Amino acid sequence: QVQLEESGGGLVQAGGSLRLSCTASGGTASVLRMGWFRQAPGKKLDFVAGINWAGVGMADSVKGRFTISRDNAKNMVYLQMNSLKPEDTAVYFCAAEPGLGDILTHEVSYTYWGQGTQVTVSS
């Protein structure tokens, strides 16, 4: 059983930066495929970024602004968000799926989820 906990959300002005962290316990981060999703009010859950043992994948809407990384020694995954826009406002969720396969971009592919952290970008 893997437990995930996000942190680092908050309120930031447009153009600012935030770094979200996701701590995985009960599992080993190096053998987990990890992902970040977000859900804005009234909208569906959207893929933001994913990482596996070999590389990363980013949604087009955040390419060049967001970066996903991991620290296997600490069982943590990060989402560095730069040049934030009001449309980035959402609850951000960390997700994990055991295995060494491809980067997962669909929510149904992930078994484990965190509770989410709110990111609000003011204009």
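The values are calculated or read from the model by the stated rules, or taken from the named source; none is laboratory data. All values derive from a computational prediction rather than experimental measurement. No Cβ is skipped: glycine too gets one built from the backbone with ideal geometry, and neighbour counts run over all protein chains shown. Only protein heavy atoms, including side chains, enter the accessible area calculation; ligands, DNA and RNA are left aside. Shrake-Rupley method; radii C 1.70, N 1.55, O 1.52, S 1.80 Å.
For the reader, a short list of remarks on this structure follows.
- Boolean, Leu18 is open to solvent by 60 Å² or more (accessible area, probe 1.4 Å), of a type in the set (A, V, I, L, M), within 20 Å of Ser123 (Cα to Cα) and modelled with pLDDT of 95 or more: no
- Qualifying positions in segment 27-57 - of a type in the set (A, V, I, L, M, F, W, C), open to solvent by 60 Å² or more (accessible area, probe 1.4 Å) and not in a loop (DSSP other than H, G, I, E, B): Val31, Val56
- Applying a threshold of 6 Å to beta carbon distances and a minimum spacing of six or more residues, or different chains, the list of pairs starting in segment 61-72 at a residue that is in a loop (DSSP other than H, G, I, E, B) and ending at one that is open to solvent by less than 70 Å² (accessible area, probe 1.4 Å) reads Val62/Val48; Arg65/Asn82; Arg65/Ser83.
- Residue in segment 58-92 that is surrounded by the most Cβ atoms within 10 Å (Cβ to Cβ), counting only those that are hydroxyl-bearing (Ser, Thr, Tyr) and more than 12 Å from the chain's Cα centre (by Cα): Thr89
- When Ala24 is tested against (1) of a type in the set (A, V, I, L, M, F, W, C); (2) more than 15 Å from the chain's Cα centre (by Cα); (3) at pLDDT below 95; (4) assigned to a strand (DSSP E or B), only condition (2) is not met.
- Taking the criterion of being of a type in the set (Asp, Glu) and within 14 Å of Trp36 (Cβ to Cβ), the residues of segment 84-101 that qualify are Asp88, Glu97.
- Of all residues in segment 105-123, exactly one satisfies the criterion of being in contact with a Gly (Cβ under 7 Å, 6 or more places away or on another chain), open to solvent by less than 30 Å² (accessible area, probe 1.4 Å) and not in a strand (DSSP E or B), namely Tyr110.
- Qualifying residue in segment 62-70 (condition: closer than 18 Å to Gln3 by Cα, modelled with pLDDT under 95 and of a type outside the set (Asp, Glu)): yes
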